[in-house]
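Structure first, commentary second.
The values are calculated or read from the model by the stated rules, or taken from the named source; none is laboratory data. These figures come from a predicted structure and were not determined experimentally. Backbone-built Cβ (ideal geometry, glycine too); neighbour counts: all protein chains shown. Heads up: the accessible areas ignore ligands, DNA and RNA and are worked out on the full protein's heavy atoms, side chains in. Shrake-Rupley method; radii C 1.70, N 1.55, O 1.52, S 1.80 Å.
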Amino acid sequence: ALKVVRHLGVVGECNIQYAVDPKSQEFRIIEVNARLSRSSALASKATGYPLAYVAAKIALGSDLVSLRNSVTRVTTACFEPSLDYCVAKVPRWDLRKFGTVDPAVDSCMKSVGEVMSIGRTFEETIQKALRMVDESCTGFDAERFDQELLHRGLPVEMEHVKAELQKPSPTRIWSIAKGFELGLSVEEVHDLTKIDRWFLHKLHHIHRIKQTIKSMDFADLAGNETLMREAKRCGFADRQIAKDLKDTEKQATPPVSPLKADSGILGVEKYYSGRVREEHVRYLRKKMGIMPFVKQIDTLAAEFPAETNYLYLTYSGVEHDIHLSGHLAPFSLDGPLPPSPPRTKTKEIPSSRIVVLGCGPYRIGSSVEFDWCSVSCVKTLRGLGHDAIVINCNPETVSTDFDESDRLYFEELSHETVLDITELEKPDGVIISVGGQTPNNLAMGLHRNGCKILGTHVDSIDTCENRFKFSKLCDALRIDQPDWSEFTTPEEAFHFCKKAGFPCLVRPSYVLSGAAMRVVDSNEELERFLRTAAVVSRDYPVVISKYISGAKEVELDAVGQNGEIINYAIAEHVENAGVHSGDASLLLPAQKLFVETHRRVKSIGQKICKALNISGPFNIQFMCKENEVMVIECNLRASRSLPFISKTYNVNFISMATRIMLGLPQRPVVIQPIDMECVASKVSVFSFSRLKNSDPRLGVEMQSTGEVACFGQNQYEAYLKAMISAGFKLPTKNILVSIGPNAQKSEFVQYAKMLVDMGFQLYATKGTHECLKNVGGLDSVIAVHKPSAGREPNALTMLRTSKLDLIINVPDAMDSQGKSDGFALRRAAVDGSVPLLVDIKTAVLVVMSLHRKWSRERLGKDFFSYKSWQEYVDPRDLPMERDATHSAQA
């Protein structure tokens, strides 16, 4: 590395990748990147050494000797980091979202996020990381691979386990656990996987502890403190231990009074008999005095005192590295709970502390938008004089920069960890509504166990999350919603579909194929879906609702205070309802909503806000058709679109919500969409090119992995800019049109004429060609055969020979399963990097935008305008940050 850097004259950060032969000491350089790499943030946060900061300083002329280590603030930056802890990074894959995708993990990156865990042993670190990346798993457990085989419809047999071990996949590490459970040795697993024996021996140690726990009941474990300590040292979670312990016979048990919130001990309960739960194990380990210790990342292995609040929890320690207000002594299982320690006002322990739960790993459905919300919340808290304590495990986020908050716990977002930290820190409250669905799911459990949740009451959160309760609320408020019902047998599902009529939206509680929901158009489709993709039983009910065709989807994002809306924004989807809101393109302010629709959306939002007594951010999704407005769902948390709205209106909705959650007065900020001199458009970004054999189409299941937003003088400029930013290449000559539904064929005729007027040569498959020719009179359109026809001119051949600049392919069925001509066309377009439009509304807006551009440029006028964000949102040179704080001061 030194030779390469000196030879190339690298200044600043450099990344070198090696290939190492495990059977010898030979290695080769694969590539050199003289820049910050994807792993730079991970390396910086794993070591506490800020690579980007130091590299920037060097580029500006500083040297390593003169720069201070920002962690110790004493040593110079020319010392290499020295670690007394272990770090594990585990990627997050979401391949189940794509029914036809090849699940193999290879040299093409497919992960959508990652987590980083810190511990004092490899076993502790890897188990933490596995729970961070998938909240449904308890650690290095074979049960996780059992679930995977169930999803695939395969029996739990050794041949399937060995097949998984032989190829890298997202679930391979859990297949190792299954292999150990079925009796494979470390050497046998090594022969199948070629994973280094050191790692396999460590994983086998976890397996041996698990097997020992499985042979015990609660009383046995209560008498074996050594095993409990070793299990916690090796990263076993309380719920993981509880799941593995044997149940004892159910007996009459004395009533257990719930613990008081001020007792100082959160989430514990005495065990008498029956199923062992997480609360019981937590009670037992606290009685044994087994509690986590808070350690600092110090970059120099404690050789110099660290001054950062960059922290992690470990069970391999004897003391805390920092001063804590809630350090508790062990208590007797039969004696009274100890009193809460007194709150002291010292330099180390401030009087006002708020815990903010971060977003966890990036995934499809939860990405950097929630990190923006978390950071905005933290900045507001600190600006108001509070100490912000962040809990998160994602090294890609700004919220996990140790200098963004007063204390950063690089830890998992679980009941156990959050309760441990709140016990130690004794915060004044916990904010769960800015990190997305992951922290929102913890609300009820944390509240039950004595945590003070700031903002909207958790009972209201539960009302929105529970479909029955929310439906009952809508009925009580006389708010329309699509007909729906919940069923436990296929017969009941068929009866509802017959009564409501097709199409219907099917949402199973537990699925096999990875698709969370599906739109079905017939009894045959419903039967196939229930047979191959979903388990329908008393334990796993399925929800079916009436699907409204041709309806427009609208979103209301708002901030409420004591049941009154303080500020709101209404965004309009380009695509019709049926495309997941995370995949849909948004226009703000809404461009085509009726005034009555706008009024009713706001009115319904206010009704729900008042009924739930909302204090904080919330999002409601509506289905609108001909002034008929129906509610789809409501989320009492910051939404995916809140950053986009805040930046469009130049009003920080999160800053406003944070003040409200703290109980501070907040006046509305004046927002006048009708007076705005620009339009903003948000467009989703997809990764189909990296997901081999995935079907690039839009549906009710979210598939996008990112988004862009652009501003323009009108919707056409803003939308076309956003499409180009998302990777869309403007067509120059040949366009293929292949539209399935007859109504959408007819709808596109007038826009096909626009394309012909602009000089494009249109090609069309048989049905579309007939419609364009007979209905639209477009004789210039050339007919081509579908891929399966095997005759020329063939659409697939034209694609593969780079004769097409754009494909407009609108599917006619909601599920192709990778066998249709449409799938072959869409997949070939993605593989050939040819722009592809798969939604009729998207195609219409693209054509209209292209026509507007062509019309202006033909007259010698510019179509695109290029301005700074400040010029778009505040053309009168008003102060840039018109946020909630300024409003409150006014």
Practice item. Can you work out which of the residues in segment 784-813 that are in a loop (DSSP other than H, G, I, E, B) and in contact with a Gly (Cβ under 6 Å, 6 or more places away or on another chain) is surrounded by the most Cβ atoms within 10 Å (Cβ to Cβ)? Key: Pro811
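Of the residues that make up segment 456-465, is at least one touching a Gly at 6+ places or on another chain (Cβ under 8 Å) and modelled with pLDDT of 75 or more?
Taking segment 456-465 as the starting set, the residues that turn out to be touching a Gly at 6+ places or on another chain (Cβ under 8 Å) are 456.
Retained after the next criterion (residues that are modelled with pLDDT of 75 or more): 456.
Checked against the condition, which is being touching a Gly at 6+ places or on another chain (Cβ under 8 Å) and modelled with pLDDT of 75 or more, segment 456-465 yields at least one hit.
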Exercise for review: For segment 40-62, indicate whether the set of residues that are closer than 30 Å to Arg197 by Cβ, without any contact (Cβ under 8 Å) to a residue 12 or more places away in the chain and not in a loop (DSSP other than H, G, I, E, B) is non-empty.
Suggested key: yes
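When you go through Leu203, Leu192 one by one, which is the residue that is surrounded by 20 or more Cβ atoms within 10 Å (Cβ to Cβ) and in a helix (DSSP H, G or I)?
Numbers: Leu192 fails: surrounded by 20 or more Cβ atoms within 10 Å (Cβ to Cβ).
Exactly one of Leu203, Leu192 is surrounded by 20 or more Cβ atoms within 10 Å (Cβ to Cβ) and in a helix (DSSP H, G or I), namely Leu203.
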Exercise for review: Exactly one condition in (1) touching a residue at least 12 places away in the same chain (Cβ under 8 Å); (2) open to solvent by 20 Å² or more (accessible area, probe 1.4 Å) is not met by His495; state its number.
Suggested key: (1)
Review point. Do you know which residues across segment 48-88 are surrounded by fewer than 14 Cβ atoms within 10 Å (Cβ to Cβ), β-branched (Val, Ile, Thr) and farther than 18 Å from Glu307 by Cβ?
Key: Val65
Review point. Can you tell me which residue in segment 466-475 is farthest from the chain's Cα centre (by Cα), limited to those that are without any contact (Cβ under 8 Å) to a residue 12 or more places away in the chain and part of a helix (DSSP H, G or I)?
Key: Asp475
**Study point:** Sole residue being buried (at least 16 other Cβ atoms within 10 Å of the Cβ) and more than 21 Å from Glu230 (Cα to Cα), chosen from Thr171, Thr125
**Key:** Thr171
Check your understanding: Counting only residues that are assigned to a loop (DSSP other than H, G, I, E, B), among the aliphatic types (A, V, I, L, M), farther than 19 Å from Gly578 by Cβ and touching a residue at least 60 places away in the same chain (Cβ under 8 Å), how many does segment 697-751 have?
Key -> 1
Study note, to complete from the structure: Within segment 133-162, the residues that are open to solvent by 30 Å² or more (accessible area, probe 1.4 Å), touching a helix residue (DSSP H, G or I) at 6+ places or on another chain (Cβ under 9 Å) and closer than 19 Å to Glu188 by Cβ are Val156, Glu157, Met158, His160, Lys162
Exercise for review: Determine the pairs where a residue that is touching a residue at least 24 places away in the same chain (Cβ under 8 Å) and polar (S, T, N, Q), located within segment 96-117, has a partner that is open to solvent by less than 20 Å² (accessible area, probe 1.4 Å) and part of a strand (DSSP E or B) with Cβ atoms under 6 Å apart, the partner being 6 or more residues away or on another chain.
Suggested key: Ser117/Ala88
Point to revise | Close pairs from segment 275-296: first of a type in the set (Phe, Trp, Tyr), partner open to solvent by less than 20 Å² (accessible area, probe 1.4 Å), Cβ under 8 Å, at least 6 apart | key: Tyr283/Val268; Phe293/Leu313; Phe293/Thr314
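Quick check on my filter: what residues within segment 556-600 are of a type in the set (D, E, K, R), under 27 Å from Thr456 (Cα atoms) and open to solvent by less than 10 Å² (accessible area, probe 1.4 Å)?
First, pick out the residues of segment 556-600 that are of a type in the set (D, E, K, R): 557, 564, 572, 575, 583, 592, 596, 599-600.
Okay, now just the ones that are also under 27 Å from Thr456 (Cα atoms), so 557, 564, 572, 599-600.
The answer is Asp557, Glu572.
May I ask you to verify whether Ser24 is open to solvent by less than 60 Å² (accessible area, probe 1.4 Å) and farther than 30 Å from Ala824 by Cα? Working first, answer last.
Numbers: open to solvent by less than 60 Å² (accessible area, probe 1.4 Å): yes; farther than 30 Å from Ala824 by Cα: yes.
The answer is yes for Ser24.
Just to be sure, is Lys110 basic (Lys, Arg), surrounded by 19 or more Cβ atoms within 10 Å (Cβ to Cβ) and over 18 Å from Pro395 (Cβ atoms)?
Answer is yes for this residue.
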**Study point:** Every residue from segment 759-772 that is within 22 Å of Pro731 (Cα to Cα), assigned to a helix (DSSP H, G or I) and either open to solvent by 50 Å² or more (accessible area, probe 1.4 Å) or of a type outside the set (S, T, N, Q) (or both)
**Key:** His769, Leu772
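Of all residues being outside any helix (DSSP H, G or I) and open to solvent by 30 Å² or more (accessible area, probe 1.4 Å) in segment 665-681, which is farthest from Ile614 (Cα to Cα)? Just the residue, please.
The residue in question is Glu677.
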Review point. If you go through segment 396-414 one residue at a time, do you hit one that is surrounded by fewer than 22 Cβ atoms within 10 Å (Cβ to Cβ) and polar (S, T, N, Q)?
Key: no
Revision key, fill the gap. Scanning segment 476-492 residue by residue, those open to solvent by 60 Å² or more (accessible area, probe 1.4 Å) and either in a strand (DSSP E or B) or modelled with pLDDT under 80 (or both) turn out to be Glu486
Practice item. For Tyr510, indicate whether it is open to solvent by 30 Å² or more (accessible area, probe 1.4 Å), over 15 Å from Glu701 (Cα atoms), of a type in the set (Phe, Trp, Tyr) and modelled with pLDDT under 75. Key: no
Revision key, fill the gap. Counting only residues in segment 373-395 that are open to solvent by 10 Å² or more (accessible area, probe 1.4 Å) and in contact (Cβ under 8 Å) with a residue 60 or more places away in the chain, the one farthest from Ala88 (Cα to Cα) is identified as Leu384
Exercise for review: Answer yes or no as to whether Lys745 is of a type in the set (Lys, Arg), closer than 21 Å to Leu825 by Cβ and either open to solvent by less than 30 Å² (accessible area, probe 1.4 Å) or at pLDDT below 90 (or both).
Suggested key: yes
**Study point:** Evaluation of Ser66 against (1) within 30 Å of Leu698 (Cα to Cα); (2) of a type outside the set (Asp, Glu); (3) in a loop (DSSP other than H, G, I, E, B) (one fails), failing number
**Key:** (1)
Review point. What are the residue pairs meeting all of these: first residue in segment 621-638, first residue over 16 Å from Gly605 (Cβ atoms) and touching a residue at least 60 places away in the same chain (Cβ under 8 Å), second residue outside any loop (DSSP other than H, G, I, E, B) and of a type in the set (D, E, K, R), Cβ atoms under 8 Å, and 6 or more apart or on different chains?
Key: Lys625/Lys552
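Are any residues in segment 613-651 at positive phi, modelled with pLDDT of 90 or more and among the polar types (S, T, N, Q), and if so, which ones? Steps first, answer last, please.
Restricting attention to segment 613-651, the residues satisfying the condition of being at positive phi are 613, 616, 626-627, 650.
From the residues that got through so far, the ones that are modelled with pLDDT of 90 or more too are 613, 616, 650.
Listed by number, the residues that qualify are Asn613, Asn650.
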Review point. Being in a loop (DSSP other than H, G, I, E, B) and open to solvent by 10 Å² or more (accessible area, probe 1.4 Å), is that true of even one residue in segment 842-849?
Key: no
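I need the full set of residues from segment 1-21 which are in a strand (DSSP E or B) and within 14 Å of Leu51 (Cα to Cα), in order please. If you could, list the steps in order and put the result at the bottom.
Filtering segment 1-21 for residues in a strand (DSSP E or B) gives 15-20.
Scanning segment 1-21 gives a single hit, Asn15.
Given the options Ile632, Ile604, name the one that is assigned to a strand (DSSP E or B), open to solvent by 10 Å² or more (accessible area, probe 1.4 Å) and of a type outside the set (Lys, Arg).
Numbers: Ile604 fails: assigned to a strand (DSSP E or B).
One residue alone meets the criteria, Ile632.
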Exercise for review: Would you mind stating whether Phe370 is at pLDDT below 65, closer than 22 Å to Leu446 by Cβ and crowded, with 17+ Cβ neighbours inside 10 Å?
Suggested key: no
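Restricting to segment 640-664, name every residue that is of a type in the set (A, V, I, L, M, F, W, C) and part of a helix (DSSP H, G or I).
Filtering segment 640-664 down to residues of a type in the set (A, V, I, L, M, F, W, C) leaves 642, 644-645, 651, 653-654, 656-657, 660-662, 664.
Those that are of a type in the set (A, V, I, L, M, F, W, C) and part of a helix (DSSP H, G or I): Leu642, Phe644, Ile645, Phe653, Ile654, Met656, Ala657, Ile660, Met661.
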